[in-house]
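Data first, discussion second: the structure below is written as structure tokens.
The values are calculated or read from the model by the stated rules, or taken from the named source; none is laboratory data. Because the structure is a prediction, the values reported are computed rather than measured. A quick note on method: Cβ atoms are made from the backbone with ideal geometry, for glycine too, and the neighbour counts reach across all protein chains shown.
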Amino acid sequence: MSERQKILLVDDDPELVFRVRQVLDDGYEVHATADWAELNTRVFREGVALILMDVNLPVLRGDQLVKVLTGVSKKTGVRPRILYYSAEDDAKMARLVRETGADGYVSKSARPAELIAAIEAALKPS
């Protein structure tokens, strides 16, 4: 049996985390956090294939975290795929993807099949 890929959901809404886990748990190993220190540990020590990153977080915004992760990734060589997962409008999200080097975005209003498709597309080898 092959090992399931790890996804880290970075969001501070427990209800949303629960719903995303319900959608993804069959195909992926899903972890969640809203804490920078835990994010850092999970990404650079434990490893994840993909990060679903909320933009509106309580301490640092998601786009700020993506910039930090990208900088650290250049030093460590560890670079998971990053999808913003946000309720913000498409224009803002497209701009943040361009500015921060994220791999894309998916709306929090996306249907489960759309979320899974976005994750599968992001995880395909380049």
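Computed quantities for the displayed model
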quantity	calculated
ALA122 being crowded, with 18+ Cβ neighbours inside 10 Å, over 17 Å from LEU65 (Cα atoms), under 11 Å from the mean Cα position of the chain (by Cα) and hydrophobic (A, V, I, L, M, F, W, C)	yes
Hits in the range 16-56 - residues which are modelled with pLDDT under 90 and buried (at least 20 other Cβ atoms within 10 Å of the Cβ)	LEU39, ARG42, VAL43
Where a residue in the range 51-79 is free of Cβ contacts under 8 Å to residues at least 12 places away in the same chain and its partner, wherever it lies, is in a loop (DSSP other than H, G, I, E, B), with Cβ under 7 Å and at least six apart	ARG61/VAL55; SER73/ARG79
Residue count, the range 80-99 (criterion: without any contact (Cβ under 8 Å) to a residue 60 or more places away in the chain, touching an Asp or Glu at 6+ places or on another chain (Cβ under 9 Å) and buried (at least 19 other Cβ atoms within 10 Å of the Cβ))	6
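Residues checked against (1) farther than 14 Å from VAL10 by Cα; (2) in contact with a strand residue (DSSP E or B) (Cβ under 9 Å, 6 or more places away or on another chain); (3) of a type in the set (A, V, I, L, M); (4) outside any helix (DSSP H, G or I):
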{"site": "LEU39", "(1), (2), (3), (4)": "no, yes, yes, no"}
{"site": "LEU57", "(1), (2), (3), (4)": "no, yes, yes, yes"}
{"site": "ARG79", "(1), (2), (3), (4)": "yes, no, no, yes"}
{"site": "LEU83", "(1), (2), (3), (4)": "no, yes, yes, yes"}
{"site": "ARG98", "(1), (2), (3), (4)": "yes, no, no, no"}
{"site": "ALA118", "(1), (2), (3), (4)": "yes, yes, yes, no"}
{"site": "PRO125", "(1), (2), (3), (4)": "yes, no, no, yes"}
